[in-house]
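To keep things clear, I will list the structure first and then write my remarks on it.
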Amino acid sequence: MDGTALKRRASKFASVRLLNPVMVRLLEAGVVPRGWALLETTGRRSGQPRRVPVGDGLRGERFWIVAEHGRHADYVRNIERDPRVRVKARGRWRAGTAHVLADEDPRALLRALKRPLNDAGLLVMATEPLVVRIDLDP
């Protein structure tokens, strides 16, 4: 196993098994840690709703995400199968359509979003950062 795959595996274990379950419960309960949001996709195999915490990328009528492991992230694969999603940001659920933007510069987006704590951690663990833009419904 190469270094990138090992890093991705360790990061995925820490987030999926340790961080995400706690954060999802907090976000669902409305106890919103600053800078976080909840993304809901439809499972590509199960068809069931799948929720994952993400950095708060709400900017106007768009929501921006940098997926730290690119297309290796389950939620990115779910989006590629069904781009209709919901985002709970700042206490409110909003529906929208997600677009995977492989040609966008993830580091430039992170600088524009100005979330230094969230983004520093993301960059440390990232193996294949990938930009996702969600166009929110009016």
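The values are calculated or read from the model by the stated rules, or taken from the named source; none is laboratory data. Keep in mind it's a predicted model, so treat the numbers as computed, not measured. Cβ atoms come from the backbone with ideal geometry, glycine included; neighbour counts cover every protein chain shown. Note: areas computed on protein heavy atoms with side chains; ligands, DNA, RNA excluded. Shrake-Rupley method; radii C 1.70, N 1.55, O 1.52, S 1.80 Å.
So here's what we get for this one:
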quantity: Selection count where residues are buried (at least 20 other Cβ atoms within 10 Å of the Cβ) and in a loop (DSSP other than H, G, I, E, B), scope the range 39-66; calculated: 2
quantity: Pairs with Cβ under 7 Å, 6+ apart, first in the range 86-111 and in a loop (DSSP other than H, G, I, E, B), second among the hydrophobic types (A, V, I, L, M, F, W, C) and modelled with pLDDT of 95 or more; calculated: R90/L58; A102/L130; E104/V131
quantity: Of all residues making up the range 67-119, the number that are open to solvent by less than 20 Å² (accessible area, probe 1.4 Å) and among the hydrophobic types (A, V, I, L, M, F, W, C); calculated: 10
quantity: Filter result for the condition that a residue is closer than 21 Å to P21 by Cα, in contact with a strand residue (DSSP E or B) (Cβ under 8 Å, 6 or more places away or on another chain) and not charged (D, E, K, R), over T41, T97; calculated: T41
quantity: Residue in the range 1-29 that is modelled with the lowest pLDDT, counting only those that are within 27 Å of R59 (Cβ to Cβ) and in contact with a Lys or Arg (Cβ under 9 Å, 6 or more places away or on another chain); calculated: N20
